[in-house]
Amino acid sequence: MDKLEDIEKAEFIDKDGKNMEISTYDIQFKDVTFAYEKRNVLSNVSFTIPEHTTTAIVGPSGSGKSTICSLIARFYDADKGSVSVGGVNVKALTCDSLLKNISMVFQKVYLFHDTVLNNIRFGKPDASFEEVVEAAKKACCHDFIMGLPDGYETVIGDGGSTLSGGEKQRISIARAMLKNAPVVLLDEATASVDPENEHAIQQAISALVHGKTIIIVAHRLATIQNADQILVVDRGRIVQRGYHEELIKQDGLYKRFLSIRENAEGWSL
Ligand SMILES: Nc1ncnc2c1ncn2[C@@H]1O[C@H](COP(=O)(O)OP(=O)(O)OP(=O)(O)O)[C@@H](O)[C@H]1O
Ligand SMILES: [Mg+2]
């Protein structure tokens, strides 16, 4: 009962937010400091992501990459500094008016205990069946969906347990694609995707991000190399920024990071 009461009493994160339309889609962090509990996870993080460009975030595990994405989507609010989208501080917006501009594909994909159709349609509740199928085709999941016992009407187990990690991720890409939002947050899964799936996911992602403002937590060299800007994060701080050709010439974390990846995955530069 105490727990229930806590939930009932909890404040909405967006209680002070207003419904506003955003018309440009650049993203800016100004001196952002954030802690989940007491220890700072992000310290004085500042960067600007111009509209229609791709920014890759790289860095060691636990450095704060996913946290940056969570702050853009306002899952949490910065303790100090500001996060803004289209020049509007996200704290001034309701979650609805912010999130309708953002498509997300996160590391941990959560699917609802519902049909495949409804899981994809969640991105755009009024989408027709044809639109859902079109998004699923672009996200390379139509074929495996047709192979499920009831096709698009197949109910996915709690948390999506009957699908593989790669399949779940592609469903979440289809959902994002259907939503077709101007800002795309992508948190690339690090491991556990087989090469065939990986290729399909890459294809799906490149169809998704066309012409959008993209922030991608990236592990794959191809993604990183093609980014307009790379932010290198270490222990909650941005330690390097620039594009690939610039950063490989510097003696820093980026170069070390790439050589570790290279050894792990047989990359060559
Ligand atoms: N919900 C949470 N509550 C408390 N601490 C958290 C929470 N989420 C993340 N952390 C901590 O914050 C730090 C940064 O986490 P974050 O998930 O942003 O790292 P990351 O760079 O995305 O790592 P990875 O590459 O492993 O995904 C880590 O020390 C992590 O343990
Ligand atoms: Mg992460």
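No value in this document is a laboratory result; all are computed from the given coordinates. Keep in mind that this is a model prediction, so the values were computed, not measured. Reconstructed Cβ throughout: ideal geometry from the backbone, glycine too, with neighbour counts over all protein chains shown.
Observations, loosely collected:
- In terms of other Cβ atoms within 10 Å, Leu247, Leu163 run from fewest to most in the order Leu247, Leu163.
- Asn44/Met1 FRET efficiency (R0 45 Å; Cβ-Cβ; nearest 0.05): 0.60
- Point-to-point label distance, Arg261-Gln107, nm (Cα→Cβ direction, 7 Å offset): 1.5 nm
- Per-pair calculated FRET efficiency, R0 = 41 Å: Thr33 and Met146 via Cβ, rounded to 0.05: 0.25
- HN-Hα J in Hz across segment 171-186 - Karplus 6.51, -1.76, 1.60, θ = phi - 60°, x for Gly and Pro: 5, 6, 5, 4, 4, 5, 5, 5, 5, 6, 7, x, 10, 10, 9, 10
- Structure-based [θ]222 nm, the chain - -39500 (n - 2.57) summed over DSSP H runs of at least 4, per residue, nearest 500: -10000 deg cm²/dmol
- The chain - share of DSSP beta bridges that are antiparallel (%, nearest 5): 50 percent
- Principal axis extents of the C-alpha atoms in the chain (largest first, rounded to whole Å): 54, 51, 40.
- C-alpha center-to-center spacing [segment 231-256, segment 1-53] in angstrom: 25 Å
- Between the amide H of Val217 and those of Ile57, Leu186, Asp187, Glu188, distances stay under 5 Å, these residues lying 5 or more places away or on another chain, with hydrogens modeled in the peptide plane.
- Extension gain from Ile248 to Glu51, taking 0.36 nm per residue of separation minus the Cα-Cα distance: 68.4 nm
- Backbone phi angles across segment 32-41, fed through the Karplus curve with coefficients 6.51, -1.76 and 1.60 (θ = phi - 60°), yield HN-Hα couplings of 7, 10, 8, 10, 6, 10, 9, 6, 5, 9 Hz in residue order; Gly and Pro are listed as x.
- Calculated FRET efficiency, Asp26 to Thr162, Cβ-Cβ distance, R0 = 35 Å: about 0.30 to the nearest 0.05.
- Ser206-Gln225 pseudo-label distance in nm [points 7 Å out on the Cα-to-Cβ vector]: 1.2 nm
- Pairs of alpha carbons in segment 51-118 whose separation is greater than 21 Å (percent): 36 percent
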